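The values are calculated or read from the model by the stated rules, or taken from the named source; none is laboratory data. All values reported here derive from a predicted model rather than from experimental measurement. A quick note on method: Cβ atoms are made from the backbone with ideal geometry, for glycine too, and the neighbour counts reach across all protein chains shown.
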Amino acid sequence: MPRNDTFAKMRNGIDDGYYLVDGHGASGDENGNFTCRVSEGYRIRRGVVCEPITDYVVWGCGADFLHSIQNIGKDFKWFEELSEERPLAPYAVGAPTITAKMNVEPWQG
């Protein structure tokens, strides 16, 4: 699996896909299935980031998603947050850009 590619190099290999930046309202079940609403995302066409997408959802089986990862970028970044439930206890999550196969479709909420 390639590692340490730039985002530009990674997206050049995508003919038709999505660049998902942020999500909210994630949920999962005991079987490893998940759903997550996309709060920031874009279409990728022929390696070019195009129009933003709104009201989309990603879903699938967590194990299948992890097995589908094709590339890991070198742009790992921490995202620190304060939650309303814990305003004095910030938490941080981080991730690099990855390429993987996912189910992405308009939200039917």
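Observations on the structure shown:
- Subset of the stretch 48-76 (residues that are of a type in the set (Phe, Trp, Tyr), touching a strand residue (DSSP E or B) at 6+ places or on another chain (Cβ under 7 Å) and modelled with pLDDT of 90 or more): Tyr56, Trp59
- Considering the stretch 1-34, and only residues there that are basic (Lys, Arg) and either surrounded by 11 or more Cβ atoms within 10 Å (Cβ to Cβ) or touching a Leu at 6+ places or on another chain (Cβ under 7 Å) (or both), the residue that is farthest from Met102 (Cα to Cα) turns out to be Lys9.
- Of all residues in the stretch 1-58 being assigned to a helix (DSSP H, G or I) and touching a residue at least 12 places away in the same chain (Cβ under 8 Å), the one that is nearest to Phe76 (Cα to Cα): Phe7
- Members of the stretch 35-60 found to be exposed (fewer than 14 other Cβ atoms within 10 Å of the Cβ) and hydrophobic (A, V, I, L, M, F, W, C), listed by number: Val48, Cys50
- Selection within the stretch 59-81 - part of a strand (DSSP E or B) and not acidic (Asp, Glu): Trp59, Gly60, Cys61, Asn71, Ile72, Gly73, Lys77, Trp78, Phe79
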